[in-house]
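Just below is one structure, and these are the notes that go with it.
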């Protein structure tokens, strides 16, 4: 089964088995229906205290028997009773939440109560509710007492006492027996039903056969009554088949909910579900197969996540962790992570290409097997794919070109892919895409071991030589391998890593500029909209003003036609009131402060000695300098600024941020380095990078000694791994 293969490939088998042990009966991992609604019920149940549901069997066989008008056994009927009683237990809790609303809607038919009352809490039939059964039960007790008395009388017999091993009544194959030694047949008639380890005989005496026969007849009569009840119960339950189908479905849902809640509580896990997007953001995630592991935090929002870096640095487990988290979120399986800061998208399919597909039986190579696996991926849509060691099984240069095109095609199909690789060429080919995220496993060069941590945005080294030494390969072999590998190959690797990093940094800066331009465009559009709104407001005010003037003129004309002087004055006053009143506004132009102005700040007088922009100024008040806002200043007396002499030195900028001393002698390198540092100081740089290589160490020693005595060097240290490591120095000036 595909899901079982995925679970095994992601090292989740043991974890899923533990999870499934919390179910009351065997259920599918995936809950059919609205996942958002299921998640709400799970979170609501997680807030409640409740008893664990009983273990019950599947209702498939029970429902088929009822459909065919069959007769159920009491054990099967009790399985139904257990489920109904558990739901009644929840109904009696009177919960005020969506769980309470849900169970409240479950109506238990009265007819089912007629069946349920005949079973006690352990599932035994309540015989005291039937007079005949109760009477037959008493008769059986009487016969058993008679058997016990007969056996005790036998054991008290002097004839048999010499043959008895002990004075106990043994039950062998459901038969009451005495344990006796050989020769018992002279004094005891009975059937041998077994032998002890010491060679003695278990004998069922004939004196109790009559009582046993009576019990057998009584039991037959009881079983006939039980069968009658079973037929009656089955007939009632057949009529209640729609209710049984309903309660079966509801219990399956509840079983899925409670298993997740109780499993999370037992291991202090978090319950999250996948969200309606394609991003994966994990914070402090711990894979279930790891013990005392470092929590993983990764941001996988792009189409491709390419993981490079040190061997045995945790790349494969990171891949499995990302896929495992997506799988568990899809199936709402509890996991260990920071649920507040983590988000996991929804994927139709999740697939892992991890193991070596080589198969001798089918005559298939590693690379051919990989191609078969990739051909299946092309058939999927909106899937999350994990590929471990993508270059496995073929030439590295050919593989880089092939897998570059394959990954481009997968991106166009909407797939999301996590890859681990040691191919710097493939990583460099993919690094120029905006939808590819690089992640490098970090190596601690000081302690010479992986840190099991990751850094985004760079291509990592594999540290094959260091890993070989750490796992027991002799230094002589490793040193010889380094010579074969050569300095040029090492430089090429550094150039690929550095070039990829610079390219991604440049793209990031371009993206920031584009975002700034877009923001400015939005502000420009907003200003245009504001200007248009103000223009419309001005036009409305003009129309209102025109209407007011026309109304005032009409009032004046009306008064003039009346001829009465007093009436004319009253009309004119009324017209004047309707005219818009003039508002006197005094516009203040902000004073343009300059250095040297004499100003007043509250009750103190001072002089502006410097300014930052137009809003901030530093003033000198009786020898004390105070930085204030210019809006709090009042100009008093303007003092002409003294002329200043501006001296500018034009220096040809020949220096760069880096200085490469490879291949130089010590004295020659010091001379070049001295000129480089002088140019860097004139150009205003405070940090530079010097490449001297590792080699024999003479050039490195000369550079260190020169830097120690240089008066303008504050400090220097070995460069980070991706910038040259021990073969370079970062110098602070």
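The values are calculated or read from the model by the stated rules, or taken from the named source; none is laboratory data. Please read these numbers as outputs of a predicted model, since none were measured by experiment. Here the Cβ is made from the backbone with ideal geometry for all residues, glycine too, and neighbour counts use every protein chain on show.
Tallying residues that are part of a loop (DSSP other than H, G, I, E, B) and farther than 16 Å from residue 80 by Cβ within segment 100-115 yields 1. Exactly one residue out of 137, 162 is closer than 19 Å to residue 200 by Cα and in the same structural domain as residue 202 (by TED's automatic domain parsing): that is 162.
Could you tell me whether any residue of segment 27-38 is in contact (Cβ under 8 Å) with a residue 24 or more places away in the chain, within 30 Å of residue 322 (Cα to Cα), assigned to a helix (DSSP H, G or I) and touching a helix residue (DSSP H, G or I) at 6+ places or on another chain (Cβ under 9 Å)? Yes, segment 27-38 contains at least one residue that is in contact (Cβ under 8 Å) with a residue 24 or more places away in the chain, within 30 Å of residue 322 (Cα to Cα), assigned to a helix (DSSP H, G or I) and touching a helix residue (DSSP H, G or I) at 6+ places or on another chain (Cβ under 9 Å).
If I filter segment 267-283 for residues that are outside the structural domain of residue 415 (by TED's automatic domain parsing), assigned to a helix (DSSP H, G or I) and in contact with a helix residue (DSSP H, G or I) (Cβ under 6 Å, 6 or more places away or on another chain), do I get at least one hit? No, every residue in segment 267-283 fails to be outside the structural domain of residue 415 (by TED's automatic domain parsing), assigned to a helix (DSSP H, G or I) and in contact with a helix residue (DSSP H, G or I) (Cβ under 6 Å, 6 or more places away or on another chain). The set of residues in segment 83-93 that are crowded, with 19+ Cβ neighbours inside 10 Å, out of contact with any helix residue (DSSP H, G or I) (no Cβ under 6 Å at 6 or more places or on another chain) and within 18 Å of residue 233 (Cβ to Cβ) contains only 84. Between 127, 96, 107, 75, the distinction of being out of contact with any strand residue (DSSP E or B) (no Cβ under 9 Å at 6 or more places or on another chain), exposed (fewer than 11 other Cβ atoms within 10 Å of the Cβ) and closer than 22 Å to residue 221 by Cβ belongs to 75 only.
The residues in segment 403-434 that are at pLDDT below 80, part of a helix (DSSP H, G or I) and either more than 27 Å from the chain's Cα centre (by Cα) or surrounded by fewer than 17 Cβ atoms within 10 Å (Cβ to Cβ) (or both) can be counted, and the count is 6. Would you check if there is a residue in segment 194-207 being part of a helix (DSSP H, G or I), out of contact with any helix residue (DSSP H, G or I) (no Cβ under 8 Å at 6 or more places or on another chain) and either buried (at least 19 other Cβ atoms within 10 Å of the Cβ) or without any contact (Cβ under 8 Å) to a residue 12 or more places away in the chain (or both)? Checking segment 194-207: not a single residue is part of a helix (DSSP H, G or I), out of contact with any helix residue (DSSP H, G or I) (no Cβ under 8 Å at 6 or more places or on another chain) and either buried (at least 19 other Cβ atoms within 10 Å of the Cβ) or without any contact (Cβ under 8 Å) to a residue 12 or more places away in the chain (or both).
A residue that is over 30 Å from residue 614 (Cβ atoms) and modelled with pLDDT under 85 occurs somewhere in segment 628-650.
Just one of the listed residues (64, 132) is assigned to a helix (DSSP H, G or I) and farther than 23 Å from residue 24 by Cα, namely 132. Residue 102 meets the conditions (1) surrounded by 14 or more Cβ atoms within 10 Å (Cβ to Cβ); (2) out of contact with any helix residue (DSSP H, G or I) (no Cβ under 9 Å at 6 or more places or on another chain) in every case but one. The failed one is (2). The single condition among (1) under 14 Å from residue 331 (Cβ atoms); (2) surrounded by fewer than 14 Cβ atoms within 10 Å (Cβ to Cβ) that residue 38 does not meet is (2). On the stretch given as segment 320-361, residues that are at pLDDT 90 or above and not in a strand (DSSP E or B) total 23. Of all the criteria given as (1) modelled with pLDDT of 90 or more; (2) closer than 20 Å to residue 218 by Cβ, the one not satisfied by residue 164 is (2). Checking segment 267-284 against the condition returns a match, with at least one residue being touching a strand residue (DSSP E or B) at 6+ places or on another chain (Cβ under 7 Å) and free of Cβ contacts under 8 Å to residues at least 60 places away in the same chain.
Hey, could you check segment 609-635 for residues that are in contact (Cβ under 8 Å) with a residue 24 or more places away in the chain and part of a strand (DSSP E or B) and say which is surrounded by the fewest Cβ atoms within 10 Å (Cβ to Cβ)? Ranking the candidates gives 634 first. Just one of (1) out of contact with any helix residue (DSSP H, G or I) (no Cβ under 8 Å at 6 or more places or on another chain); (2) modelled with pLDDT of 80 or more; (3) surrounded by fewer than 16 Cβ atoms within 10 Å (Cβ to Cβ) fails for residue 437. It is (3). On the basis of being more than 25 Å from residue 354 (Cβ to Cβ), in contact with a helix residue (DSSP H, G or I) (Cβ under 8 Å, 6 or more places away or on another chain) and either surrounded by 18 or more Cβ atoms within 10 Å (Cβ to Cβ) or not assigned by TED's automatic domain parsing to the domain that holds residue 260 (or both), does residue 19 make the cut? Spelling it out, it is not the case that residue 19 is more than 25 Å from residue 354 (Cβ to Cβ), in contact with a helix residue (DSSP H, G or I) (Cβ under 8 Å, 6 or more places away or on another chain) and either surrounded by 18 or more Cβ atoms within 10 Å (Cβ to Cβ) or not assigned by TED's automatic domain parsing to the domain that holds residue 260 (or both). So, in segment 280-310, of the ones that are within 10 Å of the chain's Cα centre (by Cα) and over 14 Å from residue 453 (Cα atoms), which residue ends up surrounded by the most Cβ atoms within 10 Å (Cβ to Cβ)? Among residues in segment 280-310 that are within 10 Å of the chain's Cα centre (by Cα) and over 14 Å from residue 453 (Cα atoms), the one surrounded by the most Cβ atoms within 10 Å (Cβ to Cβ) is 280. Scan segment 291-310 and give yes if some residue there is within 23 Å of residue 257 (Cα to Cα), assigned to a loop (DSSP other than H, G, I, E, B) and touching a helix residue (DSSP H, G or I) at 6+ places or on another chain (Cβ under 7 Å), otherwise no. No, the conditions are met nowhere in segment 291-310. Among the residues of segment 720-733, those that are touching a residue at least 12 places away in the same chain (Cβ under 8 Å) and either more than 19 Å from residue 698 (Cβ to Cβ) or part of a strand (DSSP E or B) (or both) comprise 721, 722, 723, 728, 729, 730, 731, 732, 733.
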